[in-house]
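For reference, the structure discussed in these notes is given below.
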Amino acid sequence: MSKQPLDEVGSDDCQGRSLWGLGYVIAFAPTHFGMAAKACFVKTLPHISKFSMRGMAYSILGLYYYRLKFPNDNQTEMLMKDLADKLVRSYEDVPDEKWDWFEESLTYANGLLSSALWVASYSLQEKKYRKIAEATTHFLMKKMMREGHLSLVGCNGWQSRQGGAGAQFDQQPIDALWMVELGKFAYRQTNDDDYLKLMRTSFDWFLGENDCSVPVYDHVTGGCCDGLTP
C-alpha cells in the first residue's frame, strides 16, 4: 500500500469535513488530542479560501469550534468572515425573490450552507448573515416537505430555479442529516420552536417518516442505508 493520494486534486468537501472534525476535537477533546488536532488544523488554513462552496461551509463550522477554544484568534475570525462573505455573494448572485438560495439548483447537503451562515452570524455577531440564514432556511423548509414529512431532492436530478422539479429518488441520508443540523443551529440562535419541529421531522426521515414509509436506520446494527430508492 503506497499511502499516496489517488486523486490529483482532493475533494473540497472531504477537506472541509476534516477541518470541521478537527475543530470539534480542539474544542471538546482532552488537551493532548486537541493539540495534535490543532497542528493539523493550522496547516489547512492557507487553503480553505479556495474551496468550493460546501468545502467553505464545512470550514466555517471547523473555525467556529476552533474559536470556542481560542476566541481571540484574529486569523480565524478573518477567515470565517471571508468565507461567510463568499456565501453571501453567492446568494446575492441569484437575483430571484422566489428562489431564496445560494445556487441555481438545490443539490445535496443543502442545509449545510444555511447552517454555516447561522454559525457565522452568532460567532461574528453579523446581522446580514442571520438574515440570509433565516431566509434560506425557510426556503428549504418549504421545498423539503411533503404532506407533513421530509421529502428530499433525489440525486437522480437536481431541482432547478428555472423550473426543474427535481428527482424524488434516490434521496440521500446526508441531506436529512443537514436538515436536522440546520434546525439545531437555527434554534440555538432564535429559540423558535418551529426549528425544533424541523429537527424532529428531519430525524424521523431515518425512522420511516419518508416518501416510502420505510426505515432507513437499522435498529439492530446501528447502521443506515445509503439512500432511499423507489
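The values are calculated or read from the model by the stated rules, or taken from the named source; none is laboratory data. Because the structure is predicted, anything quoted here is derived from the model rather than measured. Using ideal geometry, Cβ is built from the backbone for each residue, glycine included, and neighbour counts are taken over all protein chains shown. In case anyone asks, the SASA skips ligands and DNA or RNA and just uses the protein heavy atoms, side chains included. Shrake-Rupley method; radii C 1.70, N 1.55, O 1.52, S 1.80 Å.
The alpha carbons of region 46-151 give a radius of gyration and a Dmax of 14.1, 47 Å, in that order.
Entry note, the chain: the mean residue ellipticity at 222 nm calculated from DSSP H runs of n ≥ 4, each adding -39500 (n - 2.57), is -19000 deg cm²/dmol after division by the residues and rounding to the nearest 500.
With N set to the number of residues, divide the alpha-carbon radius of gyration of the chain by 2.2 N^0.38 Å and report two decimals. Intermediate results must be reported in sequence, preceding the final value.
Numbers: Rg = 18.0 Å, N = 230, 2.2 N^0.38 = 17.4 Å.
In units of the globular-protein estimate, the chain measures up at 1.04.
In this structure, the amide hydrogen of residue 145, modeled 1.01 Å from its nitrogen in the peptide plane, lies closer than 5 angstrom to those of 151, counting only residues at least 5 positions away or on a different chain. Couplings 3J(HN,Hα) of region 100-105, computed from phi: 7, 8, 8, 9, 6, 9 Hz, in residue order, whole Hz [Karplus 6.51 cos²θ - 1.76 cosθ + 1.60, θ = phi - 60°; x for Gly and Pro].
In this model, which of 50/197; 98/127; 86/197; 50/81; 86/127 are farther than 25 Å apart at the alpha-carbon? Don't skip to the answer; put the middle values down first.
Values: 50/197 35 Å; 98/127 22 Å; 86/197 30 Å; 50/81 14 Å; 86/127 16 Å.
Too far apart for the 25 Å limit: 50/197; 86/197.
Probing with 1.4 Å while keeping every protein chain in the model, the per residue accessible area of the chain equals 53 Å².
Here the chain is treated with +1 on each Lys and Arg Cβ and -1 on each Asp and Glu Cβ, and its dipole about the Cα centre works out to around 780 debye. Using a 1.4 Å probe over the heavy atoms of the protein chains, calculate the carbon and sulfur portion of the accessible area of region 1-156 as a whole percent. Here carbon and sulfur together make up 54 percent of the probe-accessible area. Farthest towards the positive end of the charge dipole of the chain, among the residues 178, 109, 121, is the Cα of 121, using unit charges on the Cβ of Lys, Arg, Asp and Glu. Selection among 206, 49, 160 by position relative to the dipole of the chain gives 49 as farthest towards the positive end (Cβ unit charges, Cα centre).
I'd like to know how region 97-230 sits against the 2.2 N^0.38 Å rule of thumb: what's its Cα Rg over that expected value?
In units of the globular-protein estimate, region 97-230 measures up at 1.04.
Expressed in nm to one decimal, what extension gain is obtained for the pair residue 161 and residue 229 from 0.36 nm per residue of sequence separation less their Cα-Cα distance?
Details: separation 68, 0.36 × 68 = 24.48 nm, distance 2.41 nm.
The span from residue 161 to residue 229 would gain 22.1 nm if fully extended.
Electrostatic bookkeeping for residue 129 treats Lys and Arg as +1 and Asp and Glu as -1; over the other residues with beta carbon under 11 Å from its beta carbon, the sum is +2. In the chain, taking the dipole from charged Cβ atoms about the Cα centre, the farthest positive-side position among 78, 94, 145 is held by 78. Each principal axis of the Cα cloud of region 1-74 was taken in turn, and the coordinate range along them, longest first, works out to 35, 30, 16 Å. Diffusion of region 169-230 by Stokes-Einstein, at 4 °C in a medium of 1.567 mPa s and with Rh set to the Kirkwood radius over alpha-carbon pairs, works out to 107 µm²/s.
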